[in-house]
Amino acid sequence: MRDLPIVRSVADLRASTRDLRLAGKSIGLVPTMGALHDGHIALVHRAKDENDLVIATIFVNPTQFGPNEDLKAYPRDESGDAMKLAGAGCDLLFAPGVAEMYPAGFATSVAVAGLTDHLCGVSRPHHFGGVATIVTKLLLQAGPTRAYFGEKDFQQLQVIKRLARDLDIPAQIVGVATIREADGLALSSRNRYLSADDRATAAALPRILRETAIALAAGSAVAPILDAAKQRLVEAGITRLDYLDLCDEANLQPLGAAIPGSRLFVAAFVGKTRLIDNWPVL
Ligand code: PAF
């Protein structure tokens, strides 16, 4: 298999794409933090189908981790990731260091109000500011035609769509369906933290989400159904539930009744690992 070209500076990234851009070629961007799994590879395949050139990025972004989160422990395997990307047909990897992305004196941040007030924004108050800032930078640095993000991080996807719209960034933000294990668990780089027992427990998340979504779609009252689902999650062995909410998928506001465009969102600790998932209702 050919080696994947890797660039580490914004100047080299721009130089590598300049001629293609001038020739009117389309660029698909797949931003990641590495530790790639089949969910990321699905983003690369989609980008490959829809663009002339695919650029992936790997940057474990420190500003989106809270003080007690797993920044230091976050899995890193650049050479393994580069092989997976090359195998999926990616054309270029941008893998900058922290000093390239946040040089001394860096003082700007992007905040998306409203969409970040609920769900993960409550227990991870700095997270979406870090995501919005780094994704804005990546979109401006790579200048893609389209950029691809997984629906597993549905709130993140909506935040990124909004910032691109609000800041007039001329890239189409494309959401790609969650890739799941055979038992329904959404693929995530953090799944590798799960012990065998935790992994068995984690399968309760998609199962209970799906069954709850079916009950809500059938018209059951929201509060008692959510209470019952929370109870079932605890009985299944979830260590701590962060939230289980029914929200409007466009604005992420909590809903008291299932309506078209409503979606269930969950965040829960299984052992020490925080997992998130979501499921469409109507
Ligand atoms: O979803 C991720 O991997 C990250 O949040 C992203 C979008 C690459 C920004 O660091």
TODO: Only residues that are more than 9 Å from the ligand (Cβ to nearest atom), over 18 Å from F59 (Cβ atoms) and basic (K, R): list them for the range 131-166, please.
DONE: R146, K161, R162, R165
Task: Test for I169: is it without any contact (Cβ under 8 Å) to a residue 60 or more places away in the chain, within 16 Å of the ligand (Cβ to nearest atom) and more than 23 Å from I41 (Cβ to Cβ) - done: yes
Open item on the list: I want to confirm something. Restricting to the range 142-164 and keeping residues that are among the basic types (K, R) and under 24 Å from F265 (Cα atoms), which single residue is surrounded by the most Cβ atoms within 10 Å (Cβ to Cβ)?
Closed with: K152
Open item on the list: Among the listed residues I208, I173, identify the single one that is of a type outside the set (D, E, K, R), buried (at least 18 other Cβ atoms within 10 Å of the Cβ) and part of a helix (DSSP H, G or I).
Closed with: I208
Task: Residues of the range 45-80 classified as more than 12 Å from the ligand (Cβ to nearest atom), without any contact (Cβ under 8 Å) to a residue 60 or more places away in the chain and surrounded by 20 or more Cβ atoms within 10 Å (Cβ to Cβ), total - done: 2
TODO: Would you please name the residue that is surrounded by the fewest Cβ atoms within 10 Å (Cβ to Cβ), looking only at residues in the range 258-276 that are among the β-branched types (V, I, T) and touching a helix residue (DSSP H, G or I) at 6+ places or on another chain (Cβ under 9 Å)?
DONE: T273
TODO: Within the range 13-25, identify whether any single residue is of a type in the set (G, A, S), over 16 Å from L93 (Cβ atoms) and surrounded by 14 or more Cβ atoms within 10 Å (Cβ to Cβ), and answer yes or no.
DONE: no
TODO: For residues that are without any contact (Cβ under 8 Å) to a residue 40 or more places away in the chain and closer than 20 Å to L115 by Cβ, scanning just the range 172-198, find the one that is farthest from the ligand (Cβ to nearest atom).
DONE: Q172
TODO: Filter the range 237-281 for residues that are among the charged types (D, E, K, R), within 20 Å of the chain's Cα centre (by Cα), assigned to a strand (DSSP E or B) and within 18 Å of A203 (Cα to Cα) and give the result.
DONE: D242, R274, D277
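For the range 109-141, what are the residues that are assigned to a helix (DSSP H, G or I) and surrounded by fewer than 18 Cβ atoms within 10 Å (Cβ to Cβ)?
Matches in the range 109-141: V122, S123, L140.
Every read-out reported here was derived from the displayed coordinates using simple, explicitly stated rules and does not represent laboratory data. The model shown is predicted, which means the values in this text are computed figures rather than measured ones. No Cβ is skipped: glycine too gets one built from the backbone with ideal geometry, and neighbour counts run over all protein chains shown.
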